[in-house]
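Let me begin by presenting the structure, written as structure tokens, before commenting on it.
Just so it is clear, none of the values below were taken in a lab; they were calculated from the coordinates. From a predicted model like this one, the values you see are computed outputs, not experimental measurements. So basically every Cβ, Gly included, is an ideal-geometry build from the backbone, and we count neighbours across all protein chains shown.
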Amino acid sequence: MTRKCLLLFTIFFICTFFLLSGILGEKGFVYRKQLSRQLESQNDILEKLNLAKSNLELQEQNIFSEDFLKDKAIKQGYSFENDVVYYFDSEYLDYDTEKMYDLKKLQADNQEIWFLSRSAIALISSAAAGIAVLLMIFARTIKKHGAKDGTEQE
């Protein structure tokens, strides 16, 4: 009986240990899912930063062109001869103040990736295997006592 219990405990422990390691362990399913989500977020940010970089490079190339200088002058409030100047109230102007990336979102996406350590998985597995073995022993004792009392139903 003791050998059977040890064998059952070992089998249940190994099965639950590898199952939990595959799901919640360091290289488990949940860990890889979190890594892929974080990688996707980092790729989006990199794409936005590359777009901003290319826009800045384009502005740098056109910095001394006549159209660019006229645009800058008009944006700063200068006018040219024979130009009609229009004035708008600030409440009607629609400014695009949205950033290419949000710092709070970056921090939220870069949360620490969690997983269960091997010792925690071993502890959970041993508890689960112990409970399973105790339940089997309890079921056998009930079955034995039921057979002696004649109350066992088949």
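Annotations for the structure displayed:
- Modelled label positions at I131 and C15, each set 7 Å beyond Cα in the direction of Cβ, lie 1.5 nm from each other.
- Within-14-Å neighbourhood charge of L134 [Cβ basis; K, R +1; D, E -1]: +2
- Qualifying chymotrypsin sites (Phe, Trp or Tyr not before Pro) for the range 1-88 [loop in DSSP, other Cβ within 10 Å: at most 10]: F64, F80, Y86, Y87, F88
- C5 versus I124: modelled label distance in nm, points set 7 Å from Cα along the beta carbon direction: 2.6
- Estimated FRET transfer efficiency when R0 is 30 angstrom, pair N43-W114 (beta carbons, to 0.05): 0.85
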